[in-house]
Amino acid sequence: MATITAKGQVTIPKKVRDRLKLEPGMKLAFIDYKDDACIVTPTKNVHYGEISLD
């Protein structure tokens, strides 16, 4: 679980960062998934046609 700050920032839990091998400066994609959820993934795992910019 994470909390969004007033600036819209979120701290990704260390277990998640380690499992996804996330490093500072990496880009993440937010992909719409159904009405009330999204998938967050490093951009290296995404085909750019799948990314939702809304």
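Rule-based calculations on the coordinates, nothing more; no lab input. All figures in this text were calculated on a predicted structure; none of them were measured in a lab. Every residue, glycine among them, receives a Cβ derived from its backbone with ideal geometry; neighbour counts consider all protein chains shown.
Please find the FRET efficiency linking residue 12 to residue 32, where r is the Cβ-Cβ separation and R0 is fixed at 25 Å, and quote it to the nearest 0.05.
According to the calculation, E is roughly 0.85.
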Over the range 1-41, volume per residue of the alpha carbon convex hull, in Å³: 96 Å³
Can you pull the one-decimal nm distance between simple spin-label points at residue 19 and residue 43, each 7 Å off the Cα toward Cβ? 2.4 nm
